[in-house]
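The values are calculated or read from the model by the stated rules, or taken from the named source; none is laboratory data. This is a predicted model, so every value here is computed, not measured. Quick reminder, even Gly has a Cβ in these numbers, built from the backbone with ideal geometry, and neighbours come from all protein chains shown.
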Amino acid sequence: MSAFDDSHDPKRISWVESANGHPLFPIQNLPFGVFSTDRQEADKRIGVAIGESILDLKSLAKSALLDEHWRLALSLPALNAWFGHGLGDARALRLRLSELLSDPQAKAKVEEHLVPVTEATMHLPAHIGDYTDFYVGIHHATNVGKQFRPENPLLPNYKYVPIGYHGRASSVRVSGTPVVRPMGQRKAPDADAPEYGPSRRLDYELELGIFIGKGNALGEPIPIGEAAGHIAGYCLLNDWSARDLQAWEYQPLGPFLAKNFLTSISPWVVTPQALAPFMRPMPPRPEGDPAPLAYLADPAERGALGIRLETVLVTQQMRDRSLPPYVLSEGEAASAMYWSAAQIVTHHASNGCNLQPGDLIGTGTLSTDDPRGLGSLLEISQGGKAPITLPSGETRSFLEDGDELTLSARCEAPGAVPIGFGWVSGRVEGLGG
Ligand code: MN
């Protein structure tokens, strides 16, 4: 089946006028989220972004305009059940929404289900049962490895196994949630013993989040050729990281309290259908690298995510002086990922581990080969050895109180209408607010 249908037509426009030429949400995007309005604070509902409006799918699903088999899942305050419907229904609903939002005849019936985005508060898109973070950004893994093992930055398993660890789902929050500087154990290299106190090396990690659609039964792996059918969509993910806590605690079992104090995600889930025009072939493996083992050999011709990523920083002083955000990095996901999203999903389930609708998977920090596209301050400041100077004259090795960090993403390709993810932001608060 072709990945393209009428919903991808670059000439298609919407009667929702703000959608036409919208930098994030033209009719070719149609990302899913969960929102509430001031009028109905407690009433969380599923919606689709279209220009400066949100189409309320809970109320739309009650009408005869949508397939009644979708009504229950679309009436719930989280996307899990809808994600569990799988790829066929995801394509069919997208096509139907695209028709309704482009057909001038449908305007009279659909318009009443639109909510201005300015009246909406966004929430987590799904109840996240499990959260796993991978480490597929090979330039990030190399840059970080070099700080510890200059001669041999990548461990021998890296090119065979998509490395990951189980994160914590309870502290995943939507964009805008304050970042409370974590307390923890840290030990300076020359100190005899650790001390307990606020992290002094607070960092971010630029990642993409993958939401699982249809799950797999316990004990039944997901074949690589079917993995794409288990992905409901993508968001931006900031894996806030306390590097001093991490350095002291991570051996022998890996990340723990340095990571699980907060993970922030963007509110809109961009579907694989919307991303179809922007997918591209995976970059060829460097000469001499092993081929993936057969269960990870991805037959997809275009398995790499052509998503442009940007990270900006605004400090308290910059805000006070109305200085523009400072661009920390610009890069692209496709060139940063050694393993594709499909390989990540297949590997996760390869031992029979059951993935469930709404589970969240982080890719790992996405740094490019180019120094302008580094996805963490650990890399940008070289572990604190090379602080950056901001337009305000301030310097930064790691995040300070009052700093606000924003990740955003955008897709562009010849012949396609550009789409955007929106953003995920967080401002660092000192202890005690
Ligand atoms: Mn991470």
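Assorted remarks:
- Consider the range 101-154 and keep the residues that are without any contact (Cβ under 8 Å) to a residue 60 or more places away in the chain and in contact with a Gly (Cβ under 8 Å, 6 or more places away or on another chain). The one that is farthest from residue 263 (Cα to Cα) is 152.
- Residue among 294, 274 that alone is more than 16 Å from the ligand (Cβ to nearest atom) and surrounded by 17 or more Cβ atoms within 10 Å (Cβ to Cβ): 274
- Candidates 179, 144, 136 - the one that is under 28 Å from residue 215 (Cα atoms), within 16 Å of the ligand (Cβ to nearest atom) and not assigned by TED's automatic domain parsing to the domain that holds residue 37: 136
- Filter result for the condition that a residue is buried (at least 19 other Cβ atoms within 10 Å of the Cβ), in contact (Cβ under 8 Å) with a residue 60 or more places away in the chain, of a type outside the set (Gly, Ala, Ser) and within 20 Å of residue 270 (Cα to Cα), over 46, 13, 54: 54
- Near pairs, Cβ below 6 angstrom, 6+ apart or cross-chain, from the range 249-266 (in a strand (DSSP E or B)) to any residue that is at pLDDT 95 or above and among the aliphatic types (A, V, I, L, M): 263/172; 264/424; 265/237; 265/424
- On the stretch given as the range 344-376, residues that are within 13 Å of the ligand (Cβ to nearest atom) and within 12 Å of residue 144 (Cβ to Cβ) total 5.
- Considering the range 102-136, the residues that are assigned to a helix (DSSP H, G or I) and of a type in the set (D, E, K, R) include one that is surrounded by the fewest Cβ atoms within 10 Å (Cβ to Cβ), namely 112.
- Restricting attention to the range 16-43, the residues being buried (at least 19 other Cβ atoms within 10 Å of the Cβ), closer than 24 Å to residue 414 by Cα and either within 20 Å of the chain's Cα centre (by Cα) or touching a residue at least 60 places away in the same chain (Cβ under 8 Å) (or both) number 9.
- Any hit, the range 199-220, residues being within 16 Å of the ligand (Cβ to nearest atom), of a type in the set (Phe, Trp, Tyr) and crowded, with 22+ Cβ neighbours inside 10 Å: yes
- Taking (1) assigned to a loop (DSSP other than H, G, I, E, B); (2) within 16 Å of the ligand (Cβ to nearest atom) in turn, residue 329 satisfies each apart from (1).
- Of all the residues in the range 223-248, those that are out of contact with any Lys or Arg (no Cβ under 9 Å at 6 or more places or on another chain) and not in a strand (DSSP E or B) number 6.
- Failed criterion for residue 151 (all others in (1) more than 15 Å from the ligand (Cβ to nearest atom); (2) outside any loop (DSSP other than H, G, I, E, B); (3) surrounded by fewer than 20 Cβ atoms within 10 Å (Cβ to Cβ) hold): (2)
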